Amino acid sequence: MRRVLNVWLAFLCVAASSAAQTTAPPAPAASVSAPRLTATRLATSPTIDGVLDDAAWATPEVSTDQWRSYNPLYGDSIPQATHVWIGYDARYLYFAFQCDDPEPGQIKTSITRRDNIFSDDWVGLSLDALGTGQVSYHMMVNPSGIQLDMLNSSSGDEDISPDWVWESAGLRNDRGYAVEIRLPLESVQLKGGDAVRMGILFWRRVSRIGVSVAWPALEPGTWVFDKHADLMFDHLEPRLAREVIPSATYAWSEARSDGPAWNGTGNHGDIGFSSRLGLTPTITLDATVNPDFSQVESDAFQVEVNQRFPVFFSEKRPFFMQGSDIFKLAGVGNGDASMFAAVHTRRIVDPIVGVKVTGSAGRVSFGSLLASDEAPGREVAPGEPGDDANRLFNVGRAQYSLSPGSFAGAIATQTRFAGDENSVVGADVSWRPRASDRVTAFVLQSWSDRQGDRDAGVAMQANYFSNSKRLTVGGQIEHYDRGFAMDTAFYNRVGFTSGWGYTEYSFYPDKTRYPWLRRVSPFVFVSGGRDRIEQGDERLAVFGGRFRFTRQGFFRVDRILGQEPWAGREYETNRWRANGEVQLQRWISLDARWDVGGAIFYDRESPFAGRSRTFSAGTTFQPTGRFSEQVNYTRVAFDREDTGARMYTIDILNTRTTYQFTPQLFVRAIAQYDSDQRRVLTDLLGSYELRPGTVVYAGYGALFEQRELRDGQWIERQGHYVGTGRGFFFKASYLHRF
C-alpha cells in the first residue's frame with residue numbers, strides 16, 4: 001500500500017507544480033461557423049428573484065433567432081418565444097430568460113427537490129466553460145426556480161449525479177414566466193484573461209406539448225459540443241475553488257436477532273471533513289476523511305431472483321459523483337455492452353479516506369482517485385498476507401482532445417487487499433468524423449494475483465453509431481478473455497466474443513391528419529456471439545417499433561427471437577415485449593411494461609427451460625406543486641416448461657411520498673415491499689438543504705420481515721410480519737467558501 005501511495009502522491013505533486021509553473025495555453029480561436037454572442041459587463045449586480053426589473057436586464061437581449069425543436073421531432077417552431085440576457089462581473093456569470101407563453105395558465109411547475117423537474121416546463125443552458133468541446137455544465141430551471149444540473153462529457157452521456165453551487169429564481173408573470181441564474185466563477189473550471197471564449201447553447205421545454213427546443217438548433221445526430229455558440233467575455237479572472245465541509249453525524253440502531261428482545265447494534269456519533277481546493281484555475285483537489293453517507297437514499301427494491309448477471313445500482317454519494325465524468329471510458333455504459341462502468345465507485349463500500357485530483361492543461365484532461373475502503377467484502381484471516389485490512393482503490397485517467405466531442409484516452413487502475421492485487425491498463429478513443437457519426441473503441445489489459453494464483457486477460461470493444469432525421473444505424477463488436485478481471489469496474493461477464501447491428505427508420509406522419517401522432521420508427525436489432533464459458537452460441541433478433549405521441553406519449557413493442565447458452569446447453573428465448581408512458585394531465589403520468597416468453601432457470605447444477613411473465617406499472621401523482629406520490633409495482637412469474645409447474649412468483653412494490661414546504665425543506669416517506677424476501681422497508685426523512693454541502697438530515701427507518709417465534713428462535717417466512725430492525729440518524733454539514 002505504501003508503494004502505491006508514494007507513486008500516487010508523486011504524480012499529484014508533479015501535476016500540480018507543472019500546472020502552476022506553466023503559462024496557460026492561449027484560448028482557442030472562435031469557431032468559424034458558430035454564432036457569436038457577447039456578454040455584458042455589469043456595473044450593478046441583479047437581484048436573483050425571478051423579476052426582470054434590474055438595470056442589468058435593461059441592456060439589449062442577446063440575439064437568438066428562431067428556436068427549433070429537437071425532441072421528439074426536429075426542426076419545428078413553437079409559439080412560445082424565449083428572450084435571453086447574459087451579464088458578468090468579477091465574481092459571477094448571470095443569465096436571465098423571459099419565457100413567453102400564449103397560455104400562461106397551462107404552464108406546469110412544482111416546488112420539488114433539486115434535479116426533479118423533468119416533467120415540468122423549464123429553461124436553461126449548456127455551458128462549455130473551458131471552450132474545449134469536452135465538458136459542459138447543463139443548468140435548467142423551472143418556473144418556480146427549482147434547479148436541475150447535469151454534467152455532460154464527450155466520453156459519456158449527461159450525468160445527473162454531480163451538484164455544484166449556483167443560484168436561481170423563477171416566477172410566473174403575465175407573459176409566461178421569468179428565470180434568473182447566478183453562477184459563481186469558482187463553481188466551474190475556466191481559463192482567464194482577455195477575450196475569453198466559452199461555448200453556450202440554450203434550451204427550453206414546454207411540458208404540455210412534450211416538445212423541447214434549442215438555440216442553436218440541434219439537428220438529429222448532433223449534440224451540444226457540435227452546436228455550441230461562441231460566448232465572448234472582454235476579460236475574466238478565474239476564482240480558485242476553496243471550500244471545506246465539516247460534518248457531524250449521530251446514528252442509533254437496534255435489531256431482533258436471537259429472540260423477541262431488541263438488541264442495540266449501534267449508538268455513536270462521528271465527525272467527518274471534506275475539502276475542495278483549486279490548485280490552479282483548471283485543476284482541483286478533492287479530499288475527504290471519515291465521510292458519512294447516511295443521508296443517501298436507500299436503493300429501490302429490484303428483482304434479484306434468477307438473474308444471470310449482477311444487479312446494477314448507481315452511485316449516489318457526493319464525494320464520488322464530483323468530477324466522475326473524467327473516469328468514463330469511450331463506449332462504456334452502452335446498454336448492449338457487457339461493461340457498464342470502468343470505474344464503479346460503489347465498489348468502495350466504506351471509505352475511511354479519499355483523495356481525488358481532476359483538471360485539464362491545454363488539450364489534456366486528467367483525473368486521479370485514491371481511496372482506502374474499510375469494508376472490502378471479507379475479513380482478513382489470521383496469518384493471511386497483507387499489511388492492511390483495508391482495500392486500496394487507485395485510479396489514474398487522462399484524455400487528449402482531438403476535436404470538440406472527440407478524444408483519445410488512457411486509464412490505469414489498481415486494487416490491493418490482503419495479498420490480492422488487480423492491475424489494469426488501457427486506452428480508448430471517441431471520434432466523430434461527422435456530426436451525425438460516432439466511433440468509439442477501447443482495449444484493456446489486466447493482471448491479477450489472487451493469493452499466488454496469477455491470471456491475465458484482454459477486453460476490447462468497438463462501436464459505430466450514425467443518426468439522421470430518418471435513418472439510424474449502428475454496430476458493435478466486443479471481446480473478453482476468460483482471465484480478464486477489473487476490480488474497479490462493473491461488468492456482466494467475461495470469456496465471450498460477440499457483435500451486433502442495428503437499423504431504424506423514422507416516419508413523420510402528417511400533423512394535420514394525425515395530430516396525436518408525432519413519429520413512427522420501426523427497427524431491427526440482430527446479434528450473435530460465442531460464450532466460451534457457457535460453451536455455446538448466442539443469437540438474438542429483435543423486430544419492433546417505437547411510437548411517439550403528444551402529451552409526452554411513448555409506446556414500444558418488440559418481437560424477440562433468441563438463443564442463449566447456459567451450462568453447456570443452448571435454450572430458445574423467444575419473447576414478446578412492450579412498454580409505454582404518457583403524461584395524461586399536468587398532475588398525473590403513467591408508465592407500464594410487459595414481457596412474456598421463453599426464459600432459463602439459471603441453476604448451475606440443474607438448469608431448465610421455462611416461461612417467464614413480467615408486468616410492471618407506475619404512476620406519478622402530483623395534485624399540487626408541492627405534493628408528489630410515486631408508486632411502482634412489479635410482478636414476475638416463472639413456470640417450468642416441461643411440467644408447467646410454477647417455480648416462483650414475486651411481487652415488488654415501491655412507493656415514495658414527498659411534500660416540499662419550500663425549495664430547501666422537504667419530508668419524504670418511502671415504503672417498499674418484496675414478496676420473495678418477505679420484507680417491508682419503511683423510511684422517513686426530513687431534509688433542509690440550503691445549497692449543496694450545507695444540509696441537515698434527520699431520518700428514521702424500520703425493517704419488517706415475516707417471522708414466527710418458536711421456542712425462542714425465529715422461523716423465517718412464517719407467521720406475521722414483525723419488526724426486525726430500526727434506526728435513527730441525524731447529520732449536519734456546512735459548506736464554507738474562502
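Readers should treat all values here as calculations from the given coordinates under stated rules, not as data from a laboratory. Every value quoted in this text rests on a predicted model; they were computed, and no experiment measured them. Because the Cβ atoms are built from the backbone with ideal geometry, glycine has one as well, and the counts that use them run over all protein chains shown.
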Under 8 Å for C-alpha pairs, at least 6 residues apart: give me the relative contact order for segment 419-465, rounded to a whole percent. 38
For segment 31-236, what is the relative contact order in percent, using Cα pairs closer than 8 Å and at least 6 residues apart in sequence? 28
In vacuum, with every alpha carbon of segment 157-196 counted as one equal point scatterer, what does the Debye formula give for log10 I(q)/I(0) at q = 0.19, 0.22 Å⁻¹? Two decimals, please. -0.81, -0.88
Longest exposed-loop-site-free stretch of the chain, with GluC sites (Glu not before Pro), DSSP loop and at most 12 other Cβ within 10 Å? 1-296
Value at 222 nm in deg cm²/dmol, rounded to 500, when DSSP H runs of n ≥ 4 in the chain each add -39,500 (n - 2.57): -1000 deg cm²/dmol
Least to most buried among HIS268, HIS736, by other C-beta atoms within 10 Å and fewest first, runs HIS268, HIS736
Of the candidates ALA169, LEU93, LEU471, the farthest towards the positive dipole end of the chain (Lys/Arg Cβ +1, Asp/Glu Cβ -1, centred on the Cα centre) is LEU471
Lysine pairs in the chain with Cα distance under 17 Å, only those 8 or more apart or on different chains: how many are there? 6
By what distance, in whole Å, do the Cα atoms of the chain stretch along each of the three principal axes, largest value first? 79, 68, 52
Listed with the fewest Cβ neighbours within 10 Å leading, LEU471, LEU703 appear as LEU471, LEU703
Write down the percent of antiparallel bridges among all DSSP beta bridges whose residues are both part of segment 31-236, to the nearest 5. 90
Using Cα pairs under 8 angstrom and six or more residues apart, how large is the relative contact order of the chain, in percent? 10
Inter-part gap, Cα centre of segment 204-275 to Cα centre of segment 62-133, in whole angstrom, is 20
Given all pairs of different Cα atoms, what value in angstroms does the Kirkwood hydrodynamic radius of segment 31-236 take? 17.0
How far apart, in nm, are two points set 7 Å out from the Cα along the Cα-to-Cβ line at GLU716 and at SER675? 2.0
What does the charge dipole of the chain about its Cα centre add up to, to the nearest 20 debye, if the Cβ of each Lys and Arg holds +1 and the Cβ of each Asp and Glu holds -1? 1240
When the charge dipole of the chain is computed with +1 on Lys and Arg Cβ and -1 on Asp and Glu Cβ about the Cα centre, the Cα farthest towards its positive end, among GLY396, GLY723, GLY618, belongs to GLY618
Which distance in Å, rounded to a whole number, links the C-alpha centroids of segment 431-502 and segment 351-374? 24
Dipole moment magnitude, nearest 20 debye, segment 585-738 about Cα centre, only Lys, Arg, Asp, Glu C-beta charged: 660
